[in-house]
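Worksheet: the structure to be examined is printed underneath.
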Amino acid sequence: MKIRPIHQDDIPAILDLMELGAPYVRARTSSDYWLYANLFSTTCLVADYNGQLLGAIIAFCSQDHPENLYIQDVITDPDHRRQGISTALLQAVRDAGRRFGCQRLYLTSEPDNSAAHGTWTNMGFINVPGDHIVNGVEIISDYKGAGKHRAVYELRLHNTAVN
Ligand SMILES: CC(C)(COP(=O)(O)OP(=O)(O)OC[C@H]1O[C@@H](n2cnc3c(N)ncnc32)[C@H](O)[C@@H]1OP(=O)(O)O)[C@@H](O)C(=O)NCCC(=O)NCCS
């Protein structure tokens with residue numbers, strides 16, 4: 001399996017893959033994926049197994065806070081979960097963040113997304129303290145707008161070495 005940047009030709013397959021992420025991930029528009037493939041492909045990656053896309057990650061270095069790299073979406077094909085695919089995608093983005101000089105990776109997930117919580121914490125992300133706890137997960141109320149409560153996770157990048 002190869003972790004590689006998204007290509008414009010991947011867009012139809014990525015749309016199909018993202019549809020498998022419900023209810024936590026939904027496909028964005030083909031124009032969004034065009035943008036990711038053409039302007040952000042260092043941190044927008046796919047897991048490619050002989051031409052089949054088994055996973056994808058969409059992430060961006062912040063322009064407003066260049067020390068931050070935000071991970072917007074992560075997905076693994078349901079038939080290939082628990083095989084380390086998302087971890088490999090996250091590691092590749094982490095390594096890109098180090099090359100860019102970022103100091104912090106962060107992301108959010110929905111309060112009941114226990115698979116996501118397990119994946120982030122297994123990789124060393126810290127669940128940022130919130131204002132309430134749901135099933136042991138710290139949640140920040142209204143983080144993404146009214147009623148959009150989110151669990152927030154961060155991984156500090158302490159050095160520039162790539163493991
Ligand atoms: C969350 C998701 C991306 C994880 O992808 P994945 O490729 O299966 O994750 P990995 O195989 O890298 O998991 C690594 C570790 O994370 C933890 N983990 C992953 N899924 C888990 C689950 N369902 N329950 C508990 N722990 C889990 C485990 O520690 C796992 O290691 P192990 O399999 O050796 O026990 C996947 O379940 C998914 O696509 N879900 C739908 C979309 C989504 O919710 N995305 C996140 C919101 S942006």
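Restriction of the trypsin sites (Lys or Arg not before Pro) in segment 1-95 to DSSP coil positions whose beta-carbon has at most 12 other beta-carbons within 10 angstrom yields Arg26, Arg82. Inter-label distance, Arg82 to Leu35: 3.6 nm, where each label sits 7 Å from its Cα along the C-beta direction.
For segment 2-156, with the dipole built from +1 on Lys and Arg beta-carbon atoms and -1 on Asp and Glu ones, taken about the Cα centre, which of Ile3, Ala115, Cys102 lies farthest toward the positive end? So the residue we want is Cys102. Once you have the Kirkwood Rh of the chain from its Cα pairs, apply Stokes-Einstein at 10 °C and 1.306 mPa s and quote D in µm²/s. Once the numbers are plugged in, D ends up at 99 µm²/s. With a Förster radius of 22 Å applied to the C-beta separation of Ser62 and Gln91, the computed FRET efficiency comes to 0.65.
Helical content alone sets the calculated 222 nm signal of the chain at -8000 deg cm²/dmol, taking -39,500 (n - 2.57) per DSSP H segment of four or more residues and averaging over every residue. Is any helix in the chain, taking whole DSSP H runs, at least 15 angstrom long along its axis by alpha carbon and on average at least -0.5 on the Kyte-Doolittle scale, and which ones? Result, helices passing both filters: 85-100. Fully extending the segment from Leu20 to Lys144 would add 42.3 nm, taking 0.36 nm per residue of separation and subtracting the current Cα-Cα distance. What you get for the chain, charging only the Cβ of Lys and Arg (+1) and of Asp and Glu (-1), is a dipole of about 400 debye around the Cα centre.
Residue ranking by accessible heavy-atom surface, 1.4 Å probe, largest first, among Tyr143, Tyr153 comes out as Tyr143, Tyr153.
Got the relative contact order for segment 22-92 handy, in percent, Cα pairs under 8 Å and 6 or more residues apart? Walk me through the numbers on the way to the answer.
Working: 84 pairs, mean separation 17.7, N = 71.
Relative contact order, segment 22-92: 25 percent.
Any idea what the relative contact order of the chain is, in percent, if you count C-alpha pairs under 8 Å spaced at least 6 apart? In percent, rounded to a whole number, it is 18.
The values are calculated or read from the model by the stated rules, or taken from the named source; none is laboratory data. Keep in mind it's a predicted model, so treat the numbers as computed, not measured. Neighbour counts are summed over all protein chains in view; Cβ atoms, including those assigned to glycine, are modelled from backbone coordinates with ideal geometry. We work out accessible area using only protein heavy atoms, side chains counted, and drop any ligands, DNA or RNA first. Shrake-Rupley method; radii C 1.70, N 1.55, O 1.52, S 1.80 Å.
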